[in-house]
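One structure below.
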Amino acid sequence: MMMNGFGFGFPFFMGGPFLWLIIGLGGYFIMRRFFNSKGRRQQASPDRTQNYGRGQESIETSIYRLAGKLGGTITVSDLVTHMGIEPKRAEKTLESMADGVRVRMEVDDAGIVYYEFPELKSR
């Protein structure tokens, strides 16, 4: 018995080779997009945006909140212990925030670097 005029068997009586090729390629691209979009979505978010317990907020906002809780003066170690970020990243972020007005970088006699937030100092 010949089916669809081909008589070749399984793939042909189920709709032809091109139908299976289209279904296979469609599935491949759907799966590829699904798995790649997860990685892309994480990479597309700005480096300074993380989830620190209050939804999505920037690291700078979290640093200001921490400085307010700690009396307006923080160190890199404070960021590492309270926020759980890497020391190098904490240091780079604080250095980029230090503008001499809202955030000042001070070094004491022992060589410890403090970042002062004058607007958040205890009044």
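The values are calculated or read from the model by the stated rules, or taken from the named source; none is laboratory data. All values reported here derive from a predicted model rather than from experimental measurement. Cβ placement follows ideal geometry from the backbone for every residue including glycine, while neighbour counts extend to all protein chains displayed.
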Of all strands (runs of 3 or more DSSP E) completely enclosed by segment 30-123, which ones contain at least 3 residues that are touching an Asp or Glu at 6+ places or on another chain (Cβ under 8 Å) and at pLDDT 90 or above? 104-107, 113-116
Those residues of segment 103-121 which are under 16 Å from Leu66 (Cα atoms) and exposed (fewer than 14 other Cβ atoms within 10 Å of the Cβ), in sequence order: Pro118, Glu119, Lys121
